[in-house]
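Following: one structure in structure tokens, then a few remarks.
Coordinate-derived values only; no laboratory data. Predicted model, so just to flag it, every value in this text is computed and none were measured. No Cβ is skipped: glycine too gets one built from the backbone with ideal geometry, and neighbour counts run over all protein chains shown.
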């Protein structure tokens, strides 16, 4: 463990021992369908409430990750997770099912990488040997809680994003065939005054840019070190803004491929109901733990930086006229040569 | 850093460099009044909304802790915190003010010790040199969000608890005159089926007992190692249940003084409106960072185990008929001879 600025360098290179993803039907129609472990054909996930559906995705993804790692759940020493629900109830109920000591975390959609960064920290420093990190979201729980119940049928502007129905989990251990968690940059809260919850990409872009800048300043690396840098879920509006901000800051993003989980998870041209793209705690989680880790294991990618972004508003803070504070946490996943 | 079961032993003994507490008028009428840094004479904390009041308590406590440590806020490398508000907005807005890289955490009222355990982990392992841990709660935000707005004037059963208006923060560093954070035990989610949000002490007692048992099993210590063991906020109902559970588990609690922050923070006999006692993210925080740390520095106490408990329900999970999952995290604070 070595601290540089706001970045942790994990000297022992903790590994992703196994990962698993479970998604809903709309994600199953997206371009990454082949990378998920299980795709439900119904948005209800065979449950009676949206909240139980969201929880089940996480319970199942965590169980699958444990099985894929050849472990039993009793071997998981800590579970680190969170979600968008008030009081992160989905993760808590999943932690009850799993039974492991539990560290609840919250960073909105950045929770995926906040939990992975902490899991890697625990393993790297000897505070644990096996840690499960995982997050979940469901389109209908998020709409109901943050905007309107989907049944109400309200229309949305083109800048709005679509919460992913899905969960992704990864088990971090000392060794294994998966990619190493090489380093992580913990973000600061950025708030440039955006107040529109239907334009979270614009609100989150400065946080993504700030964390990416910090990552390269702290590590001395340049973007070309990575084959791919993906933001968590800026979607189309936010990604353009982040590109502009990074250009102004003279971060040479042209050296590498720069994409966004919110754009990768859906077929934006045909799944037009997702508007600007995907979002939610499950968005960067299913793209990372499904798609990216497969590409890394197959050596189609060697070094990836995942910069998960989170809009840290609540319906109440929005109603009280507050702007949207945002954050981004970055985790570097690398396969050895 | 050494992991034993679910307990971290902090080999380098990170220190509480400074701590600060800011409370409301009712806590200022309690028996620990002399231990707080600032007592507001109005429940509004001179703000226009309860939410802004809750945030201000944390902003002020964190600022005071930084000043008392003789630091500037730019020297704080990470802020770890959370609160009871949906999407932990109080901590997020305080993190925006502080400007440090931010790890949002949530464990309901156990957040105080979850954040302190993680802060000590970071310092012990070299992942940071100075970390601020802190939580906040306000009676009126919690009542409004979890039960009824106080203005509605609903009555409460004697088992109900009273959310503390206050914030406590501690800065953890490598050295300093304050107590060492010797070890921490991370709890599991316990749920014995209690569904009554007006009896959270009963719901949380098994989690407290489970973590205390784990702590002594993992460390090989006995309760007599500590001068005092305090639970977070079981209050009168929960503390009796925890005592019974620990007796059944043959943990020799009679060796030491065993109390509860929810009972210590108010004058239960005279402040009868608090019913069974205090609760909230601020409860164990103001008792620990105000009262206990002073007693440790004065050597009136030498070794204290703080077992903060959290009821991880949401209004929605309760309305949907779910029981209350609970957790407890324990942190040992010790002065050297």
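For chain B, what does the helix formula give at 222 nm: sum of -39500 (n - 2.57) over DSSP H segments with n ≥ 4, over the residue count, nearest 500 deg cm²/dmol? Each step should come with its number before you reach the end.
Details: 11 runs with 109 residues, N = 337.
Per the formula, -9500 deg cm²/dmol.
Can you tell me, using C-alpha contacts under 8 Å and at least 6 residues apart, the relative contact order of region B:7-173 as a whole percent?
32 percent
Between A:138, A:225, A:215, find the one with the highest GNM mean-square fluctuation for chain A; connect C-alpha pairs within less than 10 Å.
Looking only at A:138, A:225, A:215, the largest GNM fluctuation is found for A:225.
Using a 10 Å cut-off around each Cβ of peptide A:116-125, what is the average number of partner chain Cβ atoms that fall inside? Could the numbers behind the result be given before it?
Values: counts 0, 1, 6, 0, 0, 5, 7, 0, 2, 9.
Averaged over the peptide's residues, the number is 3.
What fraction of the DSSP beta bridges in the protein assembly as shown is antiparallel, stated in percent and rounded to the nearest 5? Could you put the intermediate results ahead of the total?
Values: 77 of 121 bridges.
Looking only at bridges with both residues in the protein assembly as shown, the antiparallel portion is about 65 percent.
Ranked highest first by the average count of other Cβ atoms within 10 Å around their residues, in what order do A:4-10, B:310-316 fall?
Working: A:4-10: 20.7, B:310-316: 24.4.
The densest-packed peptide leads the list: B:310-316, A:4-10.
I'd like the antiparallel share, as a percent to the nearest 5, of DSSP beta bridges with both residues in region A:7-173. Display every interim value, and only then the final one.
Details: 16 of 28 bridges.
Expressed as a percentage, antiparallel bridges in region A:7-173 total about 55.
Sorted by mean Cβ packing within 10 Å, highest first, what order do the peptides A:105-115, B:93-103 take?
Working: A:105-115: 33.1, B:93-103: 24.4.
Averaged packing, sorted descending, gives the order A:105-115, B:93-103.
Treating the point 7 Å from Cα along Cα-beta-carbon as the label, what are the nm separations from residue A:196 to the other copies, to one decimal?
5.0
Place the label 7 angstrom along Cα→C-beta at residue A:47 and in each other copy, then list the distances from the first to the rest in nm, shortest first.
3.2
On average, how many beta carbons from a partner chain sit within 10 Å of the beta carbon of a residue in B:322-331? Walk me through the numbers before you get to the answer.
On the way: counts 6, 2, 0, 6, 2, 7, 0, 3, 0, 0.
Other-chain Cβ atoms within 10 Å of each residue's Cβ, averaged: 3.
What number, in percent, do you get for the relative contact order of region A:229-337 if the mean sequence gap of Cα pairs under 8 Å and at least 6 apart is divided by its residue count?
Details: 150 pairs, mean separation 31.0, N = 109.
Relative contact order here is 28 percent.
Any idea how far the Cα center of region B:106-121 sits from the one of region B:252-268, in Å?
The two parts, judged by their Cα centres, are 20 Å apart.
Largest first and to the nearest Å, give the Cα extent of chain B along each principal axis.
Here the Cα extents, ordered largest to smallest, are 50, 47, 36 Å.
Quantify how strongly other chains surround peptide B:78-87 by giving the mean number of their Cβ atoms within 10 Å of each of its Cβ atoms. Don't skip to the end; give the middle numbers.
Values: counts 4, 3, 2, 0, 5, 0, 2, 5, 12, 18.
Mean number of neighbouring Cβ atoms from other chains: 5.
Semi-axes, largest first, in whole Å: what does sqrt of 5 times each Cα gyration tensor eigenvalue give for region A:167-268? Present the calculation step by step, with values, prior to reporting the outcome.
Values: eigenvalues 111, 66, 40 Å².
Square roots of five times the eigenvalues give 24, 18, 14 Å.
For residue A:196 and residue B:34, FRET efficiency with R0 = 41 Å and r from the beta-carbon atoms, rounded to 0.05?
Details: r = 47 Å, r/R0 = 1.16.
Calculated transfer efficiency: 0.30.
So how do B:196, A:83 line up by other beta-carbon neighbours within 10 Å, fewest first? Display every interim value, and only then the final one.
Values: B:196 14, A:83 35.
Final ranking by Cβ density, sparse to dense: B:196, A:83.
If you take the Cα atoms of region B:7-173, find Rg, then find the Kirkwood Rh from the mean of 1/r over all pairs, what is Rg/Rh?
Working: Rg = 16.0 Å, Rh = 16.2 Å.
A ratio of 0.99.
For chain A, give me the percentage of DSSP beta bridges that are antiparallel, rounded to the nearest 5 percent.
Values: 38 of 60 bridges.
Counting only bridges with both partners in chain A, antiparallel ones make up about 65 percent.
Considering only C-alpha atoms, what is the centroid distance from region B:291-337 to region A:130-166, in Å?
33 Å
Rg and Dmax of region B:93-244, Cα atoms, in Å?
In order Rg, Dmax, the Cα atoms of region B:93-244 give 17.4, 50 Å.
What three numbers, in Å, describe the spread of the alpha carbons of region B:180-334 along their principal axes, ordered from the longest?
For region B:180-334, the Cα extents along the three principal axes come out at 47, 36, 23 Å.
How far is residue A:252 from itself in the other copies, in nm, if each label sits 7 Å out from Cα along the Cα-Cβ line, shortest first?
Counterpart label points of residue A:252 in the remaining copies fall at 6.7 nm.
Using every alpha carbon pair in region B:249-337, what percent of pairs falls into each 5 Å bin from 0 up to the bin containing the largest distance?
3, 11, 17, 20, 19, 16, 9, 4, 2, 1, 0
At a 10 Å Cβ-Cβ cut-off, how would you order B:306, B:131, fewest neighbours first?
Values: B:306 25, B:131 28.
Lowest to highest Cβ neighbour count: B:306, B:131.
Take the alpha-carbon positions of the protein assembly as shown, form their convex hull, and give its projected area averaged over all directions (one quarter of the hull surface) in nm².
Values: hull surface 103.8 nm².
It is 26.0 nm².
Any chance you could list P(r) for region B:40-111, counting all Cα-Cα pairs in 5 angstrom bins from zero, rounded to whole %?
Distribution as computed: 3, 17, 24, 25, 18, 11, 2 percent.
Restricting to Cα pairs below 8 Å that are 6+ residues apart, what does the relative contact order work out to for chain A? Please round to a whole percent. Kindly include the intermediate steps, with their values, before the conclusion.
On the way: 923 pairs, mean separation 83.4, N = 337.
Relative contact order of chain A: 25 percent.
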